[in-house]
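Heads up: the structure comes next, in structure tokens.
Coordinate-derived values only; no laboratory data. Because the structure is a prediction, the values reported are computed rather than measured. Every residue, glycine among them, receives a Cβ derived from its backbone with ideal geometry; neighbour counts consider all protein chains shown.
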Amino acid sequence: MHATAALRIVRRGLATAAAHPPHAAAASAASTTTVSAASAIPLSNVEAQWASLSSSEQATVHQQLEELQQKDWKTLSHAEKKAAYYVAFGPHGPRTPVSPPGTTVKVVAGVGVLIGTAGLIYGGIRSVAPPPPKTITKEWEEAANERAKELKINPITGISSDGYSGKGFVTHK
């Protein structure tokens with residue numbers, strides 16, 4: 001058990017060392033220069049091309065931009081700076097917008113239609129509803145106040161108490 005685990009660690013160490021030799025930075029820079037020189041993708045309009053590029057082409061563009069960003073930023077062209085910004089912070093990958101453009105208009109129109117439909121349903125129900133009961137009129141509520149005073153309802157703090165100045169059962173103006 002211990003021998004196989006040690007062998008795996010040694011293999012992993014050898015694989016890591018082989019993948020990243022001491023001169024890996026110089027070798028990778030030389031290889032990326034050859035790769036980017038061989039298959040250079042124009043950086044002038046990366047925003048329009050990015051969605052149609054394959055993942056390997058996107059990686060190539062990313063490597064090109066990494067090499068360019070190692071230089072002095074004053075020497076970079078406007079298109080190169082724009083491409084670097086787009087690749088780093090553009091609306092792709094995890095920053096892809098959740099809702100596509102034009103969704104706001106559809107949502108507002110849909111809400112308007114729903115509110116209009118609700119208003120029509122309310123108006124239709126009110127048009128066929130029976131009239132309100134007679135006990136909701138102001139005269140009925142004033143008569144209920146007089147009856148409450150006669151029956152001495154709530155004599156401590158309510159309508160039958162001395163000095164009561166509230167409206168009682170009247171809710172209409």
Inset, instruction - Under a cut-off of 20 Å between alpha-carbon atoms, report the lysines in cross-link reach of LYS71, not counting same-chain residues fewer than 8 places apart. - result: LYS81, LYS82
Inset, instruction - Give me the number: length gained by fully extending ILE156 to THR117, i.e. 0.36 nm times residue separation minus the C-alpha to C-alpha distance, one decimal in nm. - result: 9.0 nm
Inset, instruction - Check the straight Cα-Cα distances from LYS173 and name the lysines below 21 Å, setting aside those fewer than 8 residues away within the same chain. - result: LYS134, LYS138, LYS149
Inset, instruction - Would you mind calculating the gained length between VAL108 and LYS167 on full extension (0.36 nm times residue separation, minus the Cα-Cα distance), in nm to one decimal? - result: 16.9 nm
Legend entry - Theoretical FRET efficiency, 1/(1+(r/R0)^6), r = Cβ-Cβ of ARG95 and GLN70, R0 22 Å, to 0.05: 0.35
Legend entry - Straight-distance crosslink candidates among lysines, where the alpha carbon sits under 19 Å from LYS152 and sequence neighbours closer than 8 are dropped: LYS167
Legend entry - Potential extension, GLU146-SER77 segment - 0.36 nm per residue separation minus Cα distance: 15.8 nm
